Amino acid sequence: MTMRRRLYGYELRCVLTLHLFQHGKATVADLIDMLDFHGFEVAGRASKTVSDALRYEIAHGRVRRSRRGQYG
């Protein structure tokens with residue numbers, strides 16, 4: 001069994017922002033799949049946790065929301 005690392009707060013925001021910077025636009029579902037593929041997990045409902053983290057990055061100008069559920 002592989003140990004999964006739980007991301008939250010600053011670390012989660014950094015991983016999501018870096019992925020968007022390197023790969024361009026992605027949906028919340030794509031980002032959740034990416035986290036799973038790389039052995040990460042998030043607490044609670046993954047879609048809400050990821051969108052909350054991205055909302056913080058939008059407020060600070062590092063991420064843009066192109067449409068509902070899609071970020072770049």
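The values are calculated or read from the model by the stated rules, or taken from the named source; none is laboratory data. All values reported here derive from a predicted model rather than from experimental measurement. Every residue, glycine as well, gets a Cβ built from its backbone with ideal geometry; the counts of neighbours run over all protein chains shown. Protein only, heavy atoms only, side chains kept; ligands, DNA and RNA dropped before computing areas. Shrake-Rupley method; radii C 1.70, N 1.55, O 1.52, S 1.80 Å.
Only residues that are charged (D, E, K, R) and assigned to a helix (DSSP H, G or I): list them for the range 21-72, please.
Result: Asp30, Asp33, Asp36, Lys48, Asp52, Arg55, Glu57.
Here's a check for you: in the range 1-20, which residue that is in a loop (DSSP other than H, G, I, E, B) and among the aliphatic types (A, V, I, L, M) is surrounded by the fewest Cβ atoms within 10 Å (Cβ to Cβ)?
In this case the residue turns out to be Met1.
Just the residues that are among the hydrophobic types (A, V, I, L, M, F, W, C) and either touching a Leu at 6+ places or on another chain (Cβ under 9 Å) or closer than 12 Å to Gly72 by Cα (or both), please, taken from the range 15-31.
Val15, Leu16, Leu18, Leu20, Phe21, Ala26, Val28, Leu31
Could you tell me how many of the residues in the range 24-55 are open to solvent by less than 100 Å² (accessible area, probe 1.4 Å), over 11 Å from the mean Cα position of the chain (by Cα) and closer than 18 Å to Tyr10 by Cβ?
Of the residues in that region, 2 qualify.
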